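The values are calculated or read from the model by the stated rules, or taken from the named source; none is laboratory data. These numbers were taken from a predicted model, which means no experiment stands behind them. Reconstructed Cβ throughout: ideal geometry from the backbone, glycine too, with neighbour counts over all protein chains shown.
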Amino acid sequence: MAYKRLLVAIDLGVASDKIAIKAATMARTQQAEIHILHIVEPLSLTYGADLHVDTSSLQEEINEQAEIHLQDLATQLSIPSQHCHLASGRPEKEIPSVARRIAADLIVLGSHGRWGLELLLGTTTDGVVSAAECDVLAIRVERDK
């Protein structure tokens, strides 16, 4: 089965470039369109009520840095800027949502495998697989040591 539109969800960590390169190679081999997506989790979601300061300027800086990294990666892989997506929220919800919006038939993301609490609580990958309306390919990446 050849895919026509891939959505690559990256976290802009060390393994993101490797995942995006693999997905771009797959897209070119199958003559598929490729989109890249990064989800910025709002500080208010990440830290909840523990934050008692205005984080809007910090959140803005995080978004700007994510946009720059995303555009740099897109340029490196010859992905058109209109195929770059930056969203805010929970990755397990936003990734399937963007996939539906662009009519992706494959979501590509990285997976660290399951260890410790992840075995009990699940992972972003599990959430995406459960919510996606298309195939999901998890590329195994090295765990931070």
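Points to keep in mind about this one:
- Residue within segment 123-130 that is more than 23 Å from Leu43 (Cα to Cα), in contact with a strand residue (DSSP E or B) (Cβ under 7 Å, 6 or more places away or on another chain) and modelled with pLDDT under 95 present: yes
- Candidate set from segment 1-26 (those that are hydroxyl-bearing (Ser, Thr, Tyr) and in a helix (DSSP H, G or I)); member that is nearest to Ile68 (Cα to Cα): Ser16
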